[in-house]
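Have a look at the structure below before the remarks.
The values are calculated or read from the model by the stated rules, or taken from the named source; none is laboratory data. On a predicted model such as this, the values are computed, not experimentally measured, just so you know. Here Cβ is always computed from backbone atoms with ideal geometry, including for glycine, and neighbour counts include all displayed protein chains. SASA here: full protein model, heavy atoms, side chains in, ligands and nucleic acids out. Shrake-Rupley method; radii C 1.70, N 1.55, O 1.52, S 1.80 Å.
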Amino acid sequence: MSGTEKSKAHMEQARGKAKEAMGRMVGNERMTAEGRADQAKGNARHAKEDIKDSFRH
């Protein structure tokens, strides 16, 4: 897996978790949903890189 893509995936997941937690803390449903979407985007990027790695080996 490319180091930069892996770090981007982890960063999106972490950003999403933080945003979701902040949304829950302040009671903002939109921010909570955006956090979940960021996590899903990070998971998708990670899965894409895993698939690419499986074809390389």
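This structure gives semi-axes √(5λ) of the Cα gyration tensor in Å, computed directly, and of [x] 23, 13, 10; [y] 28, 9, 5; [z] 23, 16, 8 that value is listed as [y]. Per the 1.4 Å probe, what fraction of the accessible area of the chain, in percent, lies on carbon and sulfur atoms? About 57 percent, which is the carbon plus sulfur part of the accessible surface.
Take 27-36, 11-20, 47-56 and order them by the average number of nearby Cβ atoms within 10 Å per residue, most first; the result is 11-20, 27-36, 47-56. Based on Cα contacts under 8 Å between residues 6+ apart, the chain shows a relative contact order of 43 percent.
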